[in-house]
1. Asp327 to Lys312: extension gain in nm, 0.36 nm per residue of separation minus the Cα-Cα distance?
2. Within the stretch 35-69, name every residue whose backbone N is under 19 Å away from a label modeled 7 Å from Cα of Ala21 along the Cβ vector.
3. Rounded to the nearest 500, what is the 222 nm mean residue ellipticity of the chain from helices alone, with -39500 (n - 2.57) per DSSP H run of 4+ residues and division by all residues?
4. Roll a 1.4 Å probe over the protein heavy atoms and report the accessible area of Glu91 in Å², nearest 10.
5. Once you have the alpha carbon radius of gyration of the stretch 168-315, what is it after dividing by 2.2 N^0.38 Å, with N set to its residue count?
6. Working from the alpha-carbon coordinates of the chain, get Rg over Rh, Rh being the Kirkwood radius.
7. Relative to the longest principal Cα axis of the chain, at what angle does helix 43-57 sit, 0 to 90 degrees, rounded to 10?
8. Distance check, please: which entries in Lys75/Lys488; Lys167/Lys314; Lys167/Lys418; Lys167/Lys341; Lys75/Lys245; Lys181/Lys418 exceed 31 angstrom between their Cα atoms?
Amino acid sequence: MKPESPALLRHYIGGEFVASAATFDNIAPVDGRLLSRVSEADRATVESAVAAARRALSGPWGKMSVQQRSAMLHKIADGIEARFDEFVAAEVADTGRPVHQARSLDIARAITNFRTFADLAACANSDAFEMPTADGAGALNYTVRKPLGVVGIISPWNLPLLLLTWKVAPALACGNAVIAKPSEESPTSATLLAEVICQAGVPAGVFNLVHGRGADSAGQFLTQSAGIDALTFTGESRTGSTIMKAVADGVKEVSFELGGKNAAVVFADADFDAAVAGVMRSSFTNSGQVCLCSERVYVHRSIYDKFVAAIKQKVQALRIGFPEEADVDMGPLISHGHRDKVLSYYRLAVEEGATVVAGGGVPVFGDARDEGAYVQPTVWTGLPDNARCNTEEIFGPVCHIASFDDEEEIIARVNDSKYGLACALWTTNLSRAHRVARRIHVGLVWVNTWYLRDLRTPFGGVKLSGLGREGGRYSLDFYSDVANICIKL
């Protein structure tokens, strides 16, 4: 029997699915097989999407009330929910993440993103101020929210649908038209989202999707387009810097959610078992491919040896397997290229003098997984804080554990980083939790938990970890122009 040809993933522009002459391969990280071929946008394709978006702003979409847009977002959420299993399969195929994670986190959160921002936009308030005037009649000042216009959205591969919808939902809720470019490593769920948006009846050109890579491809062409009014990006800090330079001449609105070299701090009074379980989650969830993961772990000297031994035991018990297996703990990295990067740090750590507590290499399975992009979850000790493996983001299933002695010392060491995204503190001392959390120079501090956040709260980093805040009203603020209207009474 002749094998079926791989599917072709197309762009979605102006309400139509269109292909490009140029394509690239989408490879499964689990076993290296070809999943699909993906259309690659050239500059003309991107500009056609920009033109479609600009037309949409002057069409029916631009005349919709916020309540009508909110209802449309709820229809999109319902559409994702109706095709839940298809979205799960798409995320698992592209990323290799365990099925149970895709079901409980990725797709569920994508649905929540649309519903949350639909309701937030519909309930958003504005300011109003009465002021006296010299003639005694007075004046009324009030604010209104207006769409920014056309928003370019570049999303990453680590949590593809979750992070794409985190940006698309508030952008649409605020009345913008968008052009989304998902990562070339994870294009499938974005294509399904375009189908759902089309079926929901969203007017043509409001949501556009272009596939491609970064340099000399869709990513670069999108950031350089004069028709883009704002751009939001999640990914590497170095790419964020490149984008900022590209949009500087146009003084465009930007929001960057970038890299991290996050710390976890375990104080002597912490609930020991909870801290061990928490650090396991924060270091190895999604094979360490979450910008919020803890790659630097600091443990009070009095419990350090016990903690390292406990982490070693649990890391060695992690089950690396096929995504569909119910008890699998960890899948592959996103690609062989990314695996090469992570393995280069595994070698560098040894060169820098690290003690390898667990892992440090590539697992051997004796089956199709040997063609995939797997690495062993890895734990190091013995490196100084200024070692490259302790200062550069690795983005893999790895952490370095070091000891500390007192509060002032650890605050200084955690803050001594060019990144500033997140930190997790483990302590049963409530006063210490409040005191230390306020002094950690990051955008988000967890206490006795990790990856827990109300979507109404701000999200973003400082230093090389990002620029701006999104989430709740902060997203509404970014994706809207707030104008003042003053009426003389």
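1. Working: separation 15, 0.36 × 15 = 5.40 nm, distance 1.94 nm.
In short, 3.5 nm is gained.
2. Inside the label zone: 38-49.
3. Roughly -11500 deg cm²/dmol at 222 nm, from the helical runs in the chain.
4. 0
5. Expressed relative to 2.2 N^0.38 Å, the Cα Rg reads 1.42.
6. 1.00
7. The answer is roughly 50 degrees.
8. Numbers: Lys75/Lys488 41 Å; Lys167/Lys314 36 Å; Lys167/Lys418 25 Å; Lys167/Lys341 28 Å; Lys75/Lys245 37 Å; Lys181/Lys418 28 Å.
Violating the 31 Å Cα-Cα cut-off are Lys75/Lys488; Lys167/Lys314; Lys75/Lys245.
The values are calculated or read from the model by the stated rules, or taken from the named source; none is laboratory data. Being a predicted model, the structure only gives us computed values, none of them experimental. Cβ: placed from backbone, ideal geometry, glycine included. Neighbour counts: every protein chain shown. The accessibility values were calculated without ligands, DNA or RNA, using every heavy atom of the protein model including side chains. Shrake-Rupley method; radii C 1.70, N 1.55, O 1.52, S 1.80 Å.
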